[in-house]
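The values are calculated or read from the model by the stated rules, or taken from the named source; none is laboratory data. Because the structure is a prediction, the values reported are computed rather than measured. We place every Cβ from the backbone using ideal geometry, glycine too, and count neighbours over all the protein chains shown. For accessibility, only protein heavy atoms count, side chains too; no ligands or nucleic acids. Shrake-Rupley method; radii C 1.70, N 1.55, O 1.52, S 1.80 Å.
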Amino acid sequence: MTDTAFVPADQLPAAVLHEAFSQAFSDYLIGPFQLSLAQWPGFLARQAVDLSLSRVALDAAGQPLAFAFVAPRTGRWRLATMGATPAARGSGAAPALLDDFIHRACAAGLQAVELEVFAQNERAVRLYQSRGFDTVHELLGFERAASGAAAQAPGFDALPREQALQWLRTHEPADLPLQVSATVLERHPSAWTAWQTGQAQLVWTEAGERVQILSLVDLSPAQADAERLVAALAAAEPTRGLFVPQLQRMDLGGAALRRLGFESPALCQWLMRRPLQG
């Protein structure tokens with residue numbers, strides 16, 4: 001590590017960052033990322049990454065060893081993604097970047113740092129726990145096959161984009177994963193539709209032959225409004241399966257999905273956080 005330098009990620013070309021990321025996630029737990037260089041800006045937008053706050057560890061020859069991408073939130077930073085190239089694993093570059101991430105956030109006067117990690121990624125979980133990160137919420141994925149029934153007219157009118165974003169900004173619960181928040185939806189490269197009823201809002205988009213639920217938030221413990229919204233979506237799109245990435249909290253809509261027959265993949269994520277002040 002004596003010949004390793006940490007540099008802001010915005011000082012490196014996009015192609016270099018993309019290549020380091022592709023190498024680091026070539027044998028990822030859920031499979032290699034199929035992400036082209038042209039898709040790289042969209043990926044960073046979906047993660048709300050600030051490259052000026054992010055750091056890359058370089059060897060003596062100026063080649064990337066590891067990276068830690070940062071997404072700022074109110075009062076805290078999120079470790080959007082961290083990885084090391086296969087050749088750099090075991091070198092200590094990634095743990096050193098994590099320590100640097102925590103130190104810089106503390107120096108900036110932030111209250112906490114957070115991240116999401118697959119619970120089954122035991123090596124990463126051990127690293128984060130060794131640095132004081134604790135699990136705050138389990139984040140589940142959900143999926144349901146197409147029903148094949150006759151399509152019904154949408155049960156809800158689409159909200160204007162800014163109205164949907166403002167609802168999330170105003171009602172965003174504590175510990176809402178960043179990727180389902182207004183911050184990321186505002187930057188999302190794909191067009192999306194938002195429905196709302198009662199205390200719940202559903203945001204979804206077409207994803208090939210399936211429909212992806214980008215955000216489902218129900219402020220009521222009963223989650224009856226979320227159930228109505230998702231049932232209406234399933235009825236309006238009977239020839240497409242529906243899915244939710246591993247970002248859904250059970251207490252904000254997950255229970256409604258279960259009642260509608262959605263199943264969860266074996267892999268789940270944990271939202272982990274480390275307090276910095278006090």
Inside the stretch 110-132, the number of residues satisfying the requirement of being in a loop (DSSP other than H, G, I, E, B), at pLDDT below 95 and either under 17 Å from G92 (Cα atoms) or among the charged types (D, E, K, R) (or both) is 0
Of those in the stretch 121-136 that are open to solvent by 40 Å² or more (accessible area, probe 1.4 Å) and closer than 15 Å to L271 by Cβ, the residue farthest from the chain's Cα centre (by Cα) is Q129
Reported set for the stretch 168-192 where residues are assigned to a helix (DSSP H, G or I), open to solvent by 30 Å² or more (accessible area, probe 1.4 Å) and not acidic (D, E) is R169, T170, H171, Q179, T183, R187
In the set Q11, Q39, the lone residue that is of a type outside the set (V, I, T), open to solvent by 20 Å² or more (accessible area, probe 1.4 Å), modelled with pLDDT of 95 or more and over 21 Å from E122 (Cα atoms) is Q11
_Residue in the stretch 70-92 that is of a type in the set (K, R) and buried (at least 21 other Cβ atoms within 10 Å of the Cβ) present_ = yes
### Message
Just checking, does the stretch 46-55 include any residue being at pLDDT below 95 and at negative phi?
### Response
yes
Taking the stretch 235-278 and keeping residues open to solvent by less than 30 Å² (accessible area, probe 1.4 Å), of a type outside the set (A, V, I, L, M, F, W, C) and under 15 Å from L216 (Cα atoms) leaves Q248, R249, G253, G254
With criteria (1) at pLDDT 95 or above; (2) farther than 29 Å from G75 by Cα; (3) surrounded by fewer than 21 Cβ atoms within 10 Å (Cβ to Cβ); (4) under 22 Å from the mean Cα position of the chain (by Cα), W195 comes up short on (3)
